[in-house]
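Before any comments, here is the structure.
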Amino acid sequence: MKILVLSRNKELYSTKRLVESAKARGHDVQIVDYLRCYMNITSKKPTVIYNEEELRDIGAIIPRIGASNTFYGTAVVRQFETMNTYTINKSQGITRSRDKLRCLQLLAKKGIGLPVTGFAHSTKDIQGLISIAGGAPLVIKLIEGTQGIGVVLAETKKAAESVIEAFRGLNANILVQKFVKEADGADIRCFVIGDKVVASMMRKGAEGEFRSNIHRGGSGHKVKISPEERATAVKAATAMGLGVAGVDLLRSNAGPVVMEVNSSPGLEGIEKTTGIDLAAKIVEYIEKNASKGNKIDRIGI
């Protein structure tokens, strides 16, 4: 099968591992910089062109779309969808997961556990927003932030007011969430493929850091998750319409709550922590499902 890995950087660990695993299983693999693709949008023969050549007879694509390039990256994925090319994550699912507010609204609709969350536009509504989240301490997030960037812990009401006013002064969209103190600066990354959690690790923030992102100096170790945590992660990925996802959970007193659903989860940290060959599992998933074609998206939001 001919498989395309849509990635901007061939040297990234995740990109290299996917290529290695696909080649090891006998597939023809090509890395394609999706920002260098251009498209012929026509009703009878839609095409994607890369390096002045049409990308033909593609069995499947693996989108590794960066957050800053979501608009154009998903446009390329969508063009492949119009060509009936199988993709492990459809453009709609990627778009849903990248919009933090939309993601939380969908999860809430499905009854999936979430931290208490507030959202508002006007700085005149700060007091009500803080009240929704249960008061300080609380977490303030930029909707467009990734890898822990644009996430602030406000330990007092005055600090929360100042941060919210500053963000709104930049005309930034923000979320305010209850701080889950009992999580103690740790979260669980569940790697979901299809309808299963195939690997999980606990990530702990560096000393004095409430964000657990490994990119920010956090550490990871293997963890055994409960049936409820496993079910929550799978439901969250399904709610987004994603075949492959990284679902981040917190252990709260009320049970597992979802912090984020990542449509391009990194492989390095979790593969090295768990020893599980996730790249091979992704390729196996493609082998089992590519012939069935893309499922119709019935989520509707």
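The values are calculated or read from the model by the stated rules, or taken from the named source; none is laboratory data. Just so you know, these numbers come straight off a predicted model, no measurement behind them. Don't worry about glycine lacking a Cβ; one is built from the backbone with ideal geometry, like all the others, and counts go over all protein chains shown.
Observations on the model:
- Contact map, the range 272-293: residues that are surrounded by 20 or more Cβ atoms within 10 Å (Cβ to Cβ) paired with residues that are assigned to a helix (DSSP H, G or I) and at pLDDT 95 or above, Cβ distance under 6 Å, separation 6+ or inter-chain. Pairs shown: LEU278/GLU271; ALA279/ARG17; ALA279/LEU18; ALA279/SER21; VAL283/SER21; VAL283/ALA22.
- Residue count, the range 1-44 (criterion: of a type in the set (S, T, N, Q) and surrounded by 20 or more Cβ atoms within 10 Å (Cβ to Cβ)): 4
- Test: ILE193 is at pLDDT 75 or above, over 21 Å from LEU104 (Cβ atoms), within 18 Å of the chain's Cα centre (by Cα) and aliphatic (A, V, I, L, M): yes
- When the criteria are applied in full, ALA199 meets the requirement of being farther than 22 Å from GLY134 by Cβ, touching a helix residue (DSSP H, G or I) at 6+ places or on another chain (Cβ under 7 Å), buried (at least 17 other Cβ atoms within 10 Å of the Cβ) and of a type in the set (Gly, Ala, Ser).
- Elements of type strands (runs of 3 or more DSSP E) in the range 213-300, at least 3 residues being modelled with pLDDT of 95 or more and within 18 Å of the chain's Cα centre (by Cα): 244-252, 255-262
- All positions within the range 57-81 that are out of contact with any strand residue (DSSP E or B) (no Cβ under 7 Å at 6 or more places or on another chain) and either hydrophobic (A, V, I, L, M, F, W, C) or assigned by TED's automatic domain parsing to the domain that holds TYR285 (or both): ALA67, PHE71, ALA75
- Among the residues listed as THR47, THR123, THR85, the single one being at pLDDT below 95 and among the β-branched types (Val, Ile, Thr): THR123
- Residue count for the range 34-77 satisfying the condition of being among the aromatic types (Phe, Trp, Tyr) and over 21 Å from LYS2 (Cβ atoms): 2.
- When we screen LYS178, LYS100 for residues that are crowded, with 16+ Cβ neighbours inside 10 Å, under 19 Å from SER68 (Cβ atoms), out of contact with any helix residue (DSSP H, G or I) (no Cβ under 6 Å at 6 or more places or on another chain) and not polar (S, T, N, Q), the only hit is LYS100.
- Of all residues in the range 27-59 being in a loop (DSSP other than H, G, I, E, B) and of a type in the set (Val, Ile, Thr), the one that is nearest to ALA280 (Cα to Cα): ILE58
- Some residue of the range 133-148 being part of a loop (DSSP other than H, G, I, E, B), among the β-branched types (Val, Ile, Thr) and not assigned by TED's automatic domain parsing to the domain that holds LYS235: yes
- Filter result for GLY73 (out of contact with any Cys (no Cβ under 9 Å at 6 or more places or on another chain) and surrounded by 21 or more Cβ atoms within 10 Å (Cβ to Cβ)): yes
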